[in-house]
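Report on one structure; see the data block that follows.
The values are calculated or read from the model by the stated rules, or taken from the named source; none is laboratory data. Here the structure is a predicted model, which is why all the values come from computation and not from measurement. Neighbour counts run over all protein chains shown; Cβ positions are idealised from the backbone, glycine included. Heads up: the accessible areas ignore ligands, DNA and RNA and are worked out on the full protein's heavy atoms, side chains in. Shrake-Rupley method; radii C 1.70, N 1.55, O 1.52, S 1.80 Å.
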Amino acid sequence: MSKIKVDLEQLKVKAKNTEADTKEFFARLKKKKPKQLDTIVHALHDEVFEELDCLECANCCKSISPIIIDKDIERLAKHLRMKPAEVIDQYLEMDKDNDYVFREAPCPFLMPDNYCMVYESRPRACREYPHTDRKRFYQILNLTLKNTHYCPAVYEVTDRLKKKKDQL
């Protein structure tokens, strides 16, 4: 059971209301590149995921598509016992940046209980989401800002990080 309440409508409102402040905070971080940023963010990541169960939400799977790389296609094809071209034809499309993404949302592999049908073979971007435990966190601040609108964990990590700005 989550200690962090997952209210996606409230998340949208809070993310929109704090976006300008967060953007300004991230711009300062990007410029400064504090040495202890990763340590602090990773500790916050661990703290937040002690309080939040992704299976209660799965908003990432319901509303945004990961970038799908060739290795992901091969892994999915093997898992699904399909040819890579069939995976592309059935599930993927090219986005405006010429990256493969899922053709539809929610993800075609998301089950009604929020579990992933291809969990062991899921794309790399899904494995790494929400990226709040990534090294050189300052490099993905724009992505993190975007993800505050979709992921309660990212919003919470970001909110707690802003409260630690004196340590950065």
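Quantify, in whole percent, the carbon and sulfur part of the accessible surface of the range 12-168 (1.4 Å probe; protein heavy atoms only).
Values: 4720 of 9610 Å².
About 49 percent, which is the carbon plus sulfur part of the accessible surface.
Under the Kirkwood approximation for Rh and a Cα-based Rg, what ratio Rg/Rh is obtained for the chain?
Working: Rg = 17.0 Å, Rh = 17.1 Å.
My calculation of the ratio gives 0.99.
State the answer as a single residue: which of Met111, Pro130, Gln90 lies farthest towards the positive end of the charge dipole of the range 87-138, with beta carbon charges of +1 for Lys and Arg and -1 for Asp and Glu, about the Cα centre.
So the residue furthest toward the plus end is Pro130.
Within 10 Å of each candidate Cβ there may be at most 11 other Cβ atoms; applying that plus a DSSP loop requirement, which trypsin sites (Lys or Arg not before Pro) in the range 54-163 survive? Don't jump to the answer; show the numbers that get you there.
Details: sites: Lys62, Lys71, Arg75, Lys78, Arg81, Lys96, Arg103, Arg124, Arg127, Arg134, Lys135, Arg136, Lys146, Arg160, Lys162, Lys163; in loops: Arg81, Lys96, Arg103, Arg134, Lys135, Arg136, Lys163.
Answer by residue number: Arg81, Lys96, Lys135, Arg136, Lys163.
Between the range 24-98 and the range 99-129, what's the alpha-carbon centroid distance in Å?
A separation of 9 Å, based on Cα centres.
Which residues in the range 128-165 place their backbone N less than 20 Å from a point set 7 Å from the Cα of Ala20 along the Cα-to-Cβ direction?
142, 145-149, 159, 162-163
List the residues, sorted by chain then number, that are 5 or more residues from Leu92 or on another chain and whose placed amide H is less than 5 Å from its amide H.
Long-range HN contacts for Leu92: Arg103.
Dipole of the chain, Cα-centred, from +1 at each Lys and Arg C-beta and -1 at each Asp and Glu C-beta, to the nearest 20 debye? List each step's numbers first, then the result.
On the way: 32 positive and 29 negative charges, 184 e Å.
That gives a dipole near 880 debye.
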